[in-house]
Structures are given as structure tokens and as C-alpha cells.
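Here the structure comes first, spelled out in C-alpha cells, and everything after it is commentary.
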Amino acid sequence: MPEHYAADNEPADSEPGTDEPTPDIGPDPGTPVGTDLAKALLELDDVTLRFGGVTALDGVSLNINEGEILGLIGPNGAGKTTCFNVMTGVYQPTSGDVRFRGVRLGRRQRFQITRLGIARTFQNIRLFPEMTALENVMVGADARHNTSVVGALLRLPRHRREEREGRDRALELLRFVGIERRADEAARNLPYGDQRRLEIARAMATGPQLLCLDEPAAGFNPSEKSALMDLIRKIRDQGYTVLLIEHDMRLVMGVTDRIVVLEFGRKIAEGLPEDIRTNPAVIAAYLGVPDDAA
Amino acid sequence: MTTSNGGPRQRMNQRLRGYDDRRAGWARSIRTRWHALPRPVRWLGLLALVVVLYLLPIIQPPILTTPDSDFGSVLFDAALFALVAIGLNVVIGMAGLLDLGYVGFYAVGAYSVAVFGSPNSSLGTGYPWLVCVPIAIALSMLAGVILGGPTLRLRGDYLAIVTLGFGEIVRLTAVNSNALGAAAGITGIPHPPGKRPDGTDIFSILNINAFYWLALTVIFIVVFGVRNLENSRVGRSWLAIREDEDAAELMGVPTFRFKLWAFAIGAAIGGLSGSLFAGRQGFINPDSFLLQFSILFVAAVVLGGAGNLLGVVTGAVVIAYLPERFRGFADYRIFVFGLALIIVMIFRPQGIIPNRRRATELAVRTEEVAEGA
């Protein structure tokens, strides 16, 4: 990765004294990562979101720690995607706070939040269909660029430099997710699996610290799923923190460091994958509780 | 970019692209072939085209020329239309914002030149044409920002209706404002400067060709600028907004700002064409800025192929030129014109020269780079 992006990731606008140790890339998978030990990258603090009479999120608090892969699971309609939308500024929470690296997201606009370092993919793929794969990723890379309209009009040096950088970075990312040979094809002509990968590349191009993947394995067959698990681990090893919404339990259990379970907009469990697997509340949420036991 | 290493997969891709090409029809296969030509050949080809374009009013090609009206002034009108279409294409074709009041910016440009340039206007400053043009561009850009600021939060049909209203407001303001000459209009608008050796003006009613050449030159400059924008962060942002505005915003594109830029740049180009128009006519009144022109402008963009520069220019030329070519049919010419539009839209709903899908283009370029390296 070019140094330029690494440099941009420094929190320029927040207070400088976040005295974190030199970022060793990714936590050791052997050590359990607890909220107390690791540094929280994103915090949801008692977030409630109501649409009219419907409470979509009900006092959800959770932390995403730097360098981990956090799984967000729950039955359909539990509020997982809504949770995403609150983190990426699509919705403003009715009450409660979302903090990224200790800074409140507040009323920041969506593109500003992306530039702050949170990027996402979409549950139902939302690429720019008529643009090529490369251009799609370059749009993401542009989030780190500052060429003005005048600069582009006159092809000033910064424009040329940023174009070159953006293109190189986009190609690098396409290679990273394994679809570089599709670079020049229109996104809509890509096979389904490649479109999913392209979305990931586009999100990574914005230079985030937190990458939110919304059901990236939806519609995948088992071998594609295991390839995706490898990719997610690879992404984490690059120093990204990953938030993963996923339905496929094998995938979630296989790849995540920690899991948060939502049901009806409330957090019902949080912990290591093996604990979640045996947690009675989670089992009840997924399988239902027999009438006589309730 | 040195990605190609010519494996079987590469060849398969090429074959697939070839297949895609055939389906997309002649426009794209010509494009592919064009880009496959060596660079000097392409430059020579372009140069030849430019020379032919400049010489058109002198050659008066037998079939193309208009028997019933002055070919030079038809060419000027077509060039003006093309310039307008290039500007509107930024708004509609690239950023995907449907603007039905584009004639409003054209009018702002023309009236700016009239008010600042004519000694008979309310200001009576009588500035030369060359001074008026930057004023016209600035004012129409400002009009674009003023219109866009509050309305660009609207989408699709709603935006179309608001812009439709804007075009009419500009015209009605001109009709009802004495400062703008009301319905009678403004006379004595200056022509572009320049004298021949014998002391006569280069730009005069007697010499329409000069206006055509000026308009053509302006088109080349504007196309150069717009192409630069298209192949930059700005152009990509516009395309992304057109494709999926929400996704664009979540990928870090400040969508509102770029939509406003699209509006402002489109308006500036519209104003520029308006100032050319005023400089040629020497006289304007509100009847030159009727709603039907907005519709024809949009028709030019859609007919030619929204998003493709060459396409919209072609569309504009067709729309400006056909009615003049068929003037011999007298009252039937508009009917023939309408019929021609319908036929084109049935057989090429995506426009005469559809919006690029740069797949093949880029593929060819990649190979070029690989070969050159």
C-alpha cells in the first residue's frame, strides 16, 4: 500500500494524543480480545433508533476493537443492517452516540463519515453498473483525493498525480480481491461473485480503518464462501478492522474473533464464537423456544 | 498497467469482448477500430476532420448544403446547438440530472451580452463583446448555482419540473421587465471584434461564415475542457451520481457539491452559447428563448446518446440541420423532422451514438501501453 494512504489514516482532525502503541497488524488470533484490553475503534453507546412507532434499535451498545473481525448476527429483521446504517450515517440515531476513534459522528454527512474511515458494502449489490470495474474502485479511491474542478479542467500536476495514484491503487485492490482481469469490464457484466468482490475492493479503496461487510457471502456456494473467508482474513491482516454481517453460521464462526447477537433491535449476547454457539439466548433466538419452556 | 500476460484467459476475454462488440453494433466497432489505429494516424484523421469542418461553408458539399437557406448560417445554428448540447450533456448525460429549463441559461448569457454590450440597453455601458462574454459566463454560472442550490436536493421528475419552471421564469422576467427591453427586446448588441485589412468588420451579418468559425473554435475549446473533466475525479463522481447517488455518497463522493458543479458548468456553457447567439443576432427578444428550445436541447442530447460527447454533438447537428435541409417541404418539414426523430428513437433508443461502455476502449489502450512499455 502506498505510504500516502497510510499517512492519511492518521487522525488529523481529532486530538493527537491517542497514545496508541505502534499498530501491530491484527490481534493475535490466539488471545481473546476483550473490550477492556483492546482499543475501541468504533463505539455504539446506548443507540436507539425509532421510525415512528417502530423501534429498530433499542439501546444497543457495542464496541468494535482495532484489528478484530467482529461478527454481527441475528435473525431476519433483528436490526443488523439498521445498525450498519447508523454507523455509516445513513440514519441518525434517535438517541445515543456513535463514536469513531473517540470522535462523535454527530450530524456529519455520509461522505464525510466515509472519509473519516468507515467504508461499507451493500447487502444487495450497489455498484455503478455502467462504469468499469476499475472506475468503480477509482471512485472509492477518489475519497482520498482533493483535485478541484479547476485542477481537473486544466490537468494540473496534482490531478495527474492523483489520477495515477488512484489508478495504481485501484488496480492493486482489484488484484488483492482477485478480479484484476475484469478491470476493464463494465461492472454489470461481471459475474455475481466478482461483483461482490468488486464492492469490497471499492470500499477498501476509500482507505478506511473500519470495513463493514453486509452479507458478503449471500448467494455464494460453499467453495466461494471459503474463498471469501480467506479474503476477509487477508483483509484483516492488511490492518483493517472488519465488521461482518452474515447469516451463514459456519462462515461467521470460522472467521470472526468476536460476535455480537441482535434480536428485535436489542443486543442479546456478545462474546467469542464458541461461547455464542452454546449461548441459550442465542439458540432460543434462532430456533425459537418451545411453548412449555417459555 | 502491465497486467496482460496473454494467457488463455486473456484470449477468452478478448473473444467475449468481440462478441459484445457485435451486439453493440456499428458505433462501437468503429470506435474499437478507431482506437486500434496507430496514434499518428488518429491524429491525422482528426486533423483532416477539423479541416473539413472549417472548410464546410466554403466547399458547400452538394448533398449536405441547404438549397433554401444560407448554408453558412445553418452551420452556425448547428454549431450553436452543438455547443448547447455539450453543456446540457454535462448535466443530463454525465450527472444524470434532467434539466428541462436549459434555455434559461442560454437566455441569461444572451441577455448579459445585450445589457452590458448594447448602448441602447438600460445600463447603456456599451462594453465590447469580448468583455461581455466573461460577464455572461459568470452570470449564467451564478444563475446555475442559484437554481441548483435549493433544488438539487430534489431528484428525477421533481427536478425536471423545477427546472422547467426556471426556464419560463427567465423568459417571463425578460418579457415583463423594461430594464431588459420587455417584449420588444434589445437592439444594438455588439459583434465580436476584428477588422479585415480593407476596414470592414470580420464579424457582420454579411459574413456569417466568420461566426461559424468562431463557434467551431469555441466548441473545440469547450470539448477539450469537458473531456478533461470527464476523465477525472469530477467526471467519475458525476457518473457515479448518475448510476447510484446513495452509493456514491457512501463511497465518499460529496454528491451535492458535484451536482452543483455539474449545474454550474452546464449553465456556463449554456451562457457562452447564448452570448455567441446574441453577438451574431445583434438583437434579441424573449421570443428567442421559448420553452420549445429547452425541449429541442434535451431532444438533441437524448437523440444523440446522452453521455457521449460525439453523440450529443451529432444529435444537435441533426436537430438544427434537418428542418433547414427540408425547408423545401414547406409546412411538412416539421412533420418530417418529427417522423425522423421517432424513427431514430425506435431503432436506436439509446441514441445515435450510445454512451460509451469503455470496456473495449480501455482494453485496447491497455494493450497499447503494454506494447509501448
Check your understanding: Can you name the condition, by its number, that residue B:271 falls short on among (1) more than 18 Å from the chain's Cα centre (by Cα); (2) modelled with pLDDT of 90 or more; (3) more than 11 Å from every other protein chain (Cβ to nearest Cβ)?
Key -> (1)
Exercise for review: Report yes if residue B:75 is at pLDDT below 85 and over 14 Å from the mean Cα position of the chain (by Cα), otherwise no.
Suggested key: no
Exercise for review: Go through (1) among the charged types (D, E, K, R); (2) at negative phi; (3) surrounded by fewer than 21 Cβ atoms within 10 Å (Cβ to Cβ); (4) touching a helix residue (DSSP H, G or I) at 6+ places or on another chain (Cβ under 8 Å) and name the single condition residue A:182 misses.
Suggested key: (3)
Check your understanding: Just wondering, is there one or more residues in region B:240-254 that are in a loop (DSSP other than H, G, I, E, B), of a type in the set (Asp, Glu) and over 20 Å from the mean Cα position of the chain (by Cα)?
Key -> yes
Practice item. May I ask you to list the residues in region B:51-86 that are touching a Gly at 6+ places or on another chain (Cβ under 8 Å) and closer than 22 Å to residue B:269 by Cα? Key: B:84, B:85
Review point. Of all helices (runs of 4 or more DSSP H) completely enclosed by region A:237-292, which ones contain at least 1 residues that are of a type in the set (Phe, Trp, Tyr) and loosely packed, with under 15 Cβ neighbours inside 10 Å?
Key: A:280-287
Practice item. With the condition kept exactly as written, say whether any residue in region A:183-199 is under 13 Å from the mean Cα position of the chain (by Cα) and either farther than 16 Å from residue A:123 by Cα or of a type in the set (Ser, Thr, Tyr) (or both). Key: no
Point to revise | Top-ranked residue of region A:203-221 - restricted to ones that are more than 18 Å from residue B:244 (Cβ to Cβ) and facing chain B (nearest Cβ under 10 Å), ranked as farthest from the chain's Cα centre (by Cα) | key: A:207
Review point. So, in region B:127-154, of the ones that are of a type in the set (Gly, Ala, Ser) and surrounded by fewer than 16 Cβ atoms within 10 Å (Cβ to Cβ), which residue ends up farthest from residue B:288 (Cα to Cα)?
Key: B:149
Study note, to complete from the structure: Reported set for region B:174-221 where residues are crowded, with 19+ Cβ neighbours inside 10 Å and in a strand (DSSP E or B) is B:186
Check your understanding: Hey, among B:234, B:218, B:222, which residue is aliphatic (A, V, I, L, M), touching a helix residue (DSSP H, G or I) at 6+ places or on another chain (Cβ under 7 Å), within 14 Å of another protein chain (Cβ to nearest Cβ) and within 20 Å of residue B:314 (Cα to Cα)?
Key -> B:222
Review point. In region A:191-202, what count of residues is obtained for those that are within 13 Å of another protein chain (Cβ to nearest Cβ) and closer than 16 Å to residue A:171 by Cβ?
Key: 5
Study note, to complete from the structure: Okay, helices (runs of 4 or more DSSP H) sitting entirely in region A:81-199 with 1 or more residues that are among the small types (Gly, Ala, Ser) and without any contact (Cβ under 8 Å) to a residue 60 or more places away in the chain, I get A:149-153, A:157-177
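Listed here are the residues, each with its yes/no results for (1) assigned by TED's automatic domain parsing to the domain that holds residue A:284; (2) of a type in the set (S, T, N, Q); (3) under 28 Å from residue A:276 (Cα atoms).
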position: A:53; (1), (2), (3): yes, no, no
position: A:58; (1), (2), (3): yes, no, yes
position: A:74; (1), (2), (3): yes, no, yes
position: A:86; (1), (2), (3): yes, no, yes
position: A:97; (1), (2), (3): yes, no, yes
position: A:108; (1), (2), (3): yes, no, no
position: A:125; (1), (2), (3): no, no, no
Check your understanding: In this structure, is residue A:135 farther than 27 Å from residue A:217 by Cα, crowded, with 20+ Cβ neighbours inside 10 Å and within 10 Å of chain B (Cβ to nearest Cβ)?
Key -> no
Practice item. Considering each of A:109, A:92 in turn, give the residue that is surrounded by fewer than 18 Cβ atoms within 10 Å (Cβ to Cβ), closer than 26 Å to residue A:58 by Cα and within 12 Å of another protein chain (Cβ to nearest Cβ). Key: A:109
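The values are calculated or read from the model by the stated rules, or taken from the named source; none is laboratory data. Since the model is a prediction, treat every value here as computed from it, not as a measurement. Don't worry about glycine lacking a Cβ; one is built from the backbone with ideal geometry, like all the others, and counts go over all protein chains shown.
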